[in-house]
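J.: Mind having a look at this structure? Questions to follow.
The values are calculated or read from the model by the stated rules, or taken from the named source; none is laboratory data. Bear in mind that the values here come from a model prediction, so they are computed numbers and not experimental data. Glycine gets a Cβ as well: all are built from the backbone with ideal geometry, and neighbour counts include every protein chain shown. In case anyone asks, the SASA skips ligands and DNA or RNA and just uses the protein heavy atoms, side chains included. Shrake-Rupley method; radii C 1.70, N 1.55, O 1.52, S 1.80 Å.
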Amino acid sequence: EDQTATNVVDAVLAGFRGVDTACQPQHYREDLVGEALRTLAAKHGIGREAVWLQTKFTPALHQGEDVPYDPAAPLSDQVAQSLQVSLKNLQVTSVDALLLHGPLETHERTMEAWRAMERQVELGFVTQLGISNLHDVRRFERIYQE
């Protein structure tokens with residue numbers, strides 16, 4: 001984790017143009033990705049627009065001890081707070097993609113989170129949405145249909 005900034009800079013200089021991270025402090029150091037983006041711009045002339053930036057909303061159940069948002073807040077607020085923490089950590093005003101890091105305990109809760117993510121697109125903080133760690137095509141179809 002401590003090498004995140006160096007690894008991101010090295011990867012982009014080697015030709016990679018995508019960074020996948022998450023607002024999940026127990027596994028990701030988004031602040032160091034932000035540091036790498038600053039370094040790329042300042043020292044190498046590679047601006048934010050040249051790097052695809054994707055983060056994830058991770059539900060509180062999967063966060064561990066250091067939850068980066070208020071887990072007692074309504075789910076829509078958790079999504080918004082998580083994204084704002086990511087934007088601050090990454091030192092950007094928007095991301096190319098926001099993923100739901102996995103389905104929630106019920107379809108209704110998953111859809112509540114999804115709709116909150118759609119709101120972030122409407123607000124201009126996110127360009128595209130996705131979901132990861134969902135292994136049942138029927139669940140994908142149901143989210144798409146709703």
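J.: Where Lys and Arg each count +1 and Asp and Glu each count -1, what net charge lies around residue 68 among other residues with Cβ under 14 Å from its Cβ? Show your work: numbers first, answer last.
T.: Values: positive: 29, 56, 88; negative: 30, 31, 65, 66, 70, 77.
Result for the neighbourhood of residue 68: -3.
J.: Let me ask something else. Leaving ligands, DNA and RNA out of it, report the carbon-plus-sulfur percent of the accessible area of the chain at a 1.4 Å probe.
T.: Working: 3950 of 7980 Å².
Answer for the chain is 50 percent, counting heavy atoms of protein chains only.
J.: Using a 1.4 Å probe and counting only protein heavy atoms, arrange 96, 31 so the residue with the most accessible area comes first. Walk me through the numbers before you get to the answer.
T.: Details: 96 30, 31 60 Å².
If we order 96, 31 from most to least accessible, we get 31, 96.
J.: Follow-up question, since we're still on this one. Suppose only helical runs count, i.e. DSSP H with n ≥ 4. What mean residue ellipticity at 222 nm does that imply for the chain under -39500 (n - 2.57) per run, divided by all residues and rounded to the nearest 500 deg cm²/dmol? Let's see the in-between values first.
T.: On the way: 5 runs with 66 residues, N = 146.
Helix contribution divided over all residues of the chain: -14500 deg cm²/dmol.
J.: For the chain, modelled as a Gaussian network with Cα springs under 10 Å, which listed residue fluctuates most, 93, 55, 110?
T.: 93
J.: Rounded to whole Hz and in sequence order, give me ³J(HN,Hα) for region 51-59 from the Karplus expression 6.51 cos²θ - 1.76 cosθ + 1.60, θ = phi - 60°, writing x for Gly and Pro.
T.: With coefficients 6.51, -1.76 and 1.60, one gets 10, 6, 10, 10, 10, 9, 8, 10, x Hz.
J.: Next question, about the same structure. From the Cα trace of the chain, what convex hull volume per residue do you get, rounded to a whole Å³? Kindly include the intermediate steps, with their values, before the conclusion.
T.: On the way: hull volume 16.3 nm³, N = 146.
Here the figure is 112 Å³ per residue.
J.: Determine the per residue accessible area of the chain with all protein chains present and a 1.4 angstrom probe, expressed in square angstrom.
T.: Values: 7980 Å² over 146 residues.
It amounts to 55 Å² per residue over the chain.
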